[in-house]
Number of protein chains: 2
Amino acid sequence: MAVKVLIYEDNDALRNGLEDLLSLSDEFEVAGAYPNCVQVASDIAKLDPDVVLMDIDMPEITGIEALKIIRNTNRELPVIMLTVFDDNKNVLDAICAGASGYLLKKNASDKLVSSIKEVLSGGAPLSPAIAKMVISSMHSGPGGDYHFTEKEKEILKLLCKGMSYKMIAAETKLSFETIRSYIKNIYSKLQVHSATEAISKAMNERLV
Amino acid sequence: MAVKVLIYEDNDALRNGLEDLLSLSDEFEVAGAYPNCVQVASDIAKLDPDVVLMDIDMPEITGIEALKIIRNTNRELPVIMLTVFDDNKNVLDAICAGASGYLLKKNASDKLVSSIKEVLSGGAPLSPAIAKMVISSMHSGPGGDYHFTEKEKEILKLLCKGMSYKMIAAETKLSFETIRSYIKNIYSKLQVHSATEAISKAMNERLV
DNA sequence: ATCAAAATACCCCAAAATGGGTATTTTACA
DNA sequence: TGTAAAATACCCATTTTGGGGTATTTTGAT
């Protein structure tokens, strides 16, 4: 049976192009092709597609928002995101929101069919530039350098594990007051004023 | 000028195979091919390769350790990891340690040349199974279900941003005491006893 | 219509964290 | 061989959190 594809793409030319491209092969059947996602939840319930192609940049509801709506009820349905921009933030947001794959539009005509097959067989198609971005985001080293000493880093790590001053003191065999001194220094280097802020900053900037 | 490739692979047959494969093309030059990484730092200083192929599973020093050693002094040199296993932990560890690309050995002969070219042009070659794994690790959903209500989730998020009770109260337009009530509930559901523990747990289990 | 859960809010008290200091000893490096 | 940075440690005062309650109103589901 043909694979049912649901398309969301606001650009008319591209949307029709994608439809035509998929119609060329009898392996695929376009279940629907819409210029916006306002009905995404009911579209999916009604059309029951096997895979969704979703443009990121759409009016009303962005592709990422639509993806989140889909993921609210369906963790499995493969959704391949399409975008013109390989702009960092959108890509990471989409992947975090649960995108199954990510194609740049310039690669779409080339790779579309193979990408759909890839997600259906459990793979994750990524345009080369996107793969690069995902990888770099994963090893984005420490953002700024806060010039922590080794001891400070050690104590910051323990703090990020959720330990209290007392516990850190016990763990490091240092006095409670010493821990306080270190933490005061850490806060001033991070320019924060509480453990919660420090942990938040440290985790988000991958300092630990 | 030929691209200088440095190879670390403990299996003699595969190491020789890789050498032969690269020698077929005059675009590549094997700068060295070693069965272990004990000298990795000095090898690289001496041979100044353009790209490194690194097996993950090696005696003495694992490929991941070697990668960390390389990254201590060189953040740029492309290092492509090779492995037989698409085992989750190693792959993620390698990527976090700064791998530029990741190939399953079964894909190596096919994809080696194109992968090397891809890293040199700033891309990130990943075997399909690996891409999948990286993506899934990024959207690994919440581990356990703590049965938070929507409001609790909202407040937990704000807490994880480093906000104090006062700030959360202001942000949500709820009273300070209400926030305290929620947070007490959150702690009891998470089985923790402080904001630092809660944030640590929430971040690590991707509850936010 | 009823009942449970969720949302909202307050009280008291104790414990922990924060901010402002200061001070001594080690370590590393110019 | 100084000397600056790092590591260690303490004091005082205030604010913020945490743990124990209780209570009212709203919402949702049976």
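At-a-glance table
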{"item": "Segment B:6-37, subset without any contact (Cβ under 8 Å) to a residue 24 or more places away in the chain and assigned to a helix (DSSP H, G or I), residue least open to solvent (accessible area, probe 1.4 Å)", "result": "B:Arg15"}
{"item": "Every residue from segment A:196-208 that is free of Cβ contacts under 8 Å to residues at least 12 places away in the same chain and away from DNA strand C (no atom under 11 Å from the Cβ)", "result": "A:Ser200, A:Lys201, A:Asn204"}
{"item": "Tabulated pairs, segment A:178-190, first farther than 13 Å from A:Lys153 by Cα, second more than 6 Å from DNA strand C (Cβ to nearest atom) and in a helix (DSSP H, G or I), C-beta under 8 angstrom, 6+ apart or interchain", "result": "A:Thr178/A:Ala169"}
{"item": "Given (1) surrounded by fewer than 17 Cβ atoms within 10 Å (Cβ to Cβ); (2) of a type in the set (A, V, I, L, M); (3) within 30 Å of B:Val84 (Cβ to Cβ), number of the condition B:Leu174 does not satisfy", "result": "(3)"}
{"item": "Which listed residue is in contact with a Lys or Arg (Cβ under 8 Å, 6 or more places away or on another chain) and charged (D, E, K, R), from B:Glu19, B:Glu65, B:Glu76, B:Glu9", "result": "B:Glu9"}
{"item": "Residue check for A:Ser100: exposed (fewer than 14 other Cβ atoms within 10 Å of the Cβ) and not hydrophobic (A, V, I, L, M, F, W, C)", "result": "no"}
{"item": "Breaking point among (1) within 16 Å of DNA strand D (Cβ to nearest atom); (2) surrounded by 21 or more Cβ atoms within 10 Å (Cβ to Cβ); (3) within 30 Å of B:Asn72 (Cα to Cα), for A:Thr196", "result": "(3)"}
{"item": "Hits in segment A:67-82 - residues which are more than 14 Å from the chain's Cα centre (by Cα) and not acidic (Asp, Glu)", "result": "A:Ile69, A:Ile70, A:Asn72, A:Thr73, A:Asn74, A:Arg75, A:Leu77, A:Pro78"}
{"item": "A:Gly122 within 14 Å of chain B (Cβ to nearest Cβ) and surrounded by fewer than 18 Cβ atoms within 10 Å (Cβ to Cβ)", "result": "yes"}
{"item": "From B:Asp86, B:Asp110, B:Asp145, residue being on the phi < 0 side of the Ramachandran plot, acidic (Asp, Glu), away from DNA strand C (no atom under 16 Å from the Cβ) and free of Cβ contacts under 8 Å to residues at least 24 places away in the same chain", "result": "B:Asp110"}
{"item": "Subset of segment A:177-195 [within 8 Å of DNA strand C (Cβ to nearest atom), part of a helix (DSSP H, G or I) and out of contact with any Ser or Thr (no Cβ under 7 Å at 6 or more places or on another chain)]", "result": "A:Glu177, A:Arg180, A:Ser181, A:Ile183, A:Lys184, A:Tyr187, A:Ser188"}
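The values are calculated or read from the model by the stated rules, or taken from the named source; none is laboratory data. Note that this is a predicted model, so its numbers are computed, not measured. As a convention, Cβ positions derive from the backbone with ideal geometry for all residues, glycine included, and neighbour counts pool all protein chains shown. Protein only, heavy atoms only, side chains kept; ligands, DNA and RNA dropped before computing areas. Shrake-Rupley method; radii C 1.70, N 1.55, O 1.52, S 1.80 Å.
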